[in-house]
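*Asks:* Handing you a structure now.
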Amino acid sequence: MAASASAPPPSSTVVSVSPLDDLLIVSVNHRTASADLRHRLYVDEEDQAARLAELAAAGVAPALLLCTCDRVEIATSRPAADPEALIARLADWGDTSPEALSDLVATRRGAAAVRHLFAVAASLDSQIVGEPQVLGQVKAAHKRAVAGGQFGGILERTLQAAYASAKRVRSETDIGERPVTLAASALQVARQIHGDLKRCRALLLGFGEMGELLAEELQLAGVAELAVTHPIERRAKRAAQRIGCHRRSWTELAPALAGADIVISAFGGSDYVLDRNHLAAALKARRRRPIFLVDAAIPGDVAPDAAELDDVFLYDLHDLEGLALRGKEEREAVAGAAWSILEGELGAFLRQYAERAAVPAVTALRERFESLRAEVLSSGPRDSDEATRLLVKRLLHGPSEALRQAAAEGRDTSELEALLARLFRLGTPENEDKT
């Protein structure tokens, strides 16, 4: 709006930019990259504080580093953060080139980044939708970021809103039942094959979310022993500490398989972890005692022809789901209900920030009107009728001049007129105009 000739110019220009625009996430996950690449990019827990410090030293703060077997993601709300610089950082961590990652990294900003964080926390972006581990992993990453300092702002508020949304999804839908039901089906088959699980030994290969859930359910069922193994020893050690079980060296895979009654494989890489030869050797060492093998990976870890061996009972997640009688329509209905809740929470969160973005403009408008009121009051004694007429005249001067100028330039004034009607409720009945 143009100012009146007698009024001082505004002290500053108001620019309304939502703080959400600063939110940036770069991610590599199970949809975009192989397990081999994800393993290379993965940052162990003991190294994450150093990586966060490295990001802060490069000016990327606040920042969140989320590393699971499914995903490696960096989130930041540093204004004007450069996604290419974050991709280069990921490439350096994984001893690869930014070019090798360019087509594999998803970049999200603003509202898209908020939606992604909400979906991850609610386990709607996991390989196994509804798995319970990921929310705890997000909270642990959040805690590490806070401990590193320089955390807060929009990233903090987005995470808190994501937690609230995830809580609603889990409490108001059956989204969390599918993983638990799959685990129950696995226990049912294990008992059919081996009888009393208290006499069984179990082995976990890798540590995917579903694999860990199955391992934990076996522990609750009372298996005599549970061990975990991984090609990277310190990751096996971490998983063993997290689950509370034994650790076996990857170099001992053959004897570990031979001693296991139940084997869960949860890598999800491009190559098979177990083939027919591995299992044939294990069966020979076991004197043909059966092995119940759960392939909990997507894509699968176990060569399909391994199922042809007598005394190998191979089940994948689809087999367990079939036992649980979970139909496609039911799964889609539950997921649809969960997404509906998430979208509602997301919409409320985005509206909140859209309204915040308008605050500086409203404040500037209030200050402008107050300045004009002060001018009228200071220009000399007047009765209330004369003073209010003068105030109205001065308030209308800017909008009137803008409309006249637009018309003189031959521009269509309908948009300006509609905006004025909306701002000042022109044509609204008097009883509806009161607030």
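Every number in this text was worked out from the coordinates using simple rules, so none of it is lab data. Treat the numbers as computed from the prediction; the structure is a model and nothing was measured. Note that we place each Cβ from the backbone using ideal geometry, even for glycine, and neighbour counts take in every protein chain shown.
*Asks:* What FRET efficiency do you get for Ala254 and Asp95 if R0 is 25 Å and r is their Cβ-Cβ distance, rounded to the nearest 0.05? Please list the in-between numbers first.
*Replies:* Values: r = 29 Å, r/R0 = 1.18.
That pair, Ala254 with Asp95, gives E of 0.25.
*Asks:* Could I ask something else about it? How much of the DSSP beta bridge set in the chain is antiparallel, as a percent to the nearest 5?
*Replies:* Taking every DSSP beta bridge within the chain, about 40 percent pair in antiparallel fashion.
*Asks:* While we're here: For Gln160 and Glu54, calculate 0.36 nm times their separation in residues minus their Cα-Cα distance, and state this gained length in nm to one decimal.
*Replies:* 35.7 nm
*Asks:* Same structure, new question: Sum -39500 (n - 2.57) across every DSSP H segment of at least 4 residues in the chain, then divide by the residue count to get the 222 nm mean residue ellipticity, nearest 500.
*Replies:* -17500 deg cm²/dmol
*Asks:* Using the per-residue mean of other Cβ atoms lying within 10 Å as a proxy for protection, in what order, highest first, do the peptides 281-294, 383-396 fall?
*Replies:* The peptides rank, most packed first, as 281-294, 383-396.
*Asks:* Using alpha carbons only, how many degrees (0 to 90, rounded to 10) separate the axis of helix 384-408 from the longest principal axis of the chain?
*Replies:* 70
*Asks:* Under 14 Å from the Cα of Lys143, which aspartates and glutamates turn up, not counting those fewer than eight places away in the same chain?
*Replies:* Glu45, Glu46, Glu156
*Asks:* While we're here: Among Ser265, Ser340, Ser371, which one moves the most in a GNM of the chain with springs linking Cα atoms closer than 10 Å?
*Replies:* Ser371
*Asks:* Putting +1 on Lys and Arg Cβ atoms and -1 on Asp and Glu Cβ atoms, find which of Gln48, Pro290, Leu66 reaches farthest to the positive end of the dipole of the chain.
*Replies:* With unit charges placed on the Cβ atoms, the residue in question is Gln48.
*Asks:* Continuing with this model, one more query. For Glu409 paired with Gln352, estimate the spin-label separation in nm (one decimal), with each label point 7 Å from Cα along the Cα-to-Cβ line.
*Replies:* Reported label-point gap for Glu409 and Gln352 is 3.9 nm.
*Asks:* For Rg/Rh (Cα atoms, Kirkwood Rh), one of (i) 1.15; (ii) 1.12; (iii) 1.18 was computed from the structure I shared and the rest are decoys. Which label?
*Replies:* Checking each listed value against the structure points to (iii).
*Asks:* For a quick check: sort His397, His246 by the number of other beta carbons within 10 angstrom, fewest at the front. Please list the in-between numbers first.
*Replies:* On the way: His397 18, His246 15.
Ascending Cβ contact count within 10 Å gives the list His246, His397.
*Asks:* May I ask for the angle, rounded to the nearest 10°, between helix 414-424 and the longest principal axis of the chain, with both axes built from Cα atoms and the value confined to 0 to 90°?
*Replies:* Once rounded, one gets 90 degrees.
*Asks:* Please give, to one decimal in nm, the separation of the simple spin-label points placed at Ala280 and Ala335, each 7 Å out from Cα toward the Cβ.
*Replies:* Using points 7 Å along Cα→Cβ, the separation is 3.8 nm.
*Asks:* Treating only the Cβ atoms of Lys and Arg (+1) and Asp and Glu (-1) as charged, compute the dipole magnitude of the chain about its Cα centre; round to the nearest 20 debye. Intermediate results must be reported in sequence, preceding the final value.
*Replies:* On the way: 52 positive and 62 negative charges, 209 e Å.
Magnitude of the dipole: close to 1000 debye.
*Asks:* If each residue of separation counts as 0.36 nm, what is the full-extension length gain between Glu386 and Glu233 once their alpha-carbon separation is subtracted?
*Replies:* So the chain would gain 46.5 nm between Glu386 and Glu233.
*Asks:* Fewest to most neighbouring Cβ within 10 Å: what's the order for Thr32, Thr363?
*Replies:* Thr363, Thr32
*Asks:* Using a simple spin-label model with points 7 Å from Cα along the Cα→Cβ vector, what separation in nm is obtained for Leu416 and Arg242?
*Replies:* 6.1
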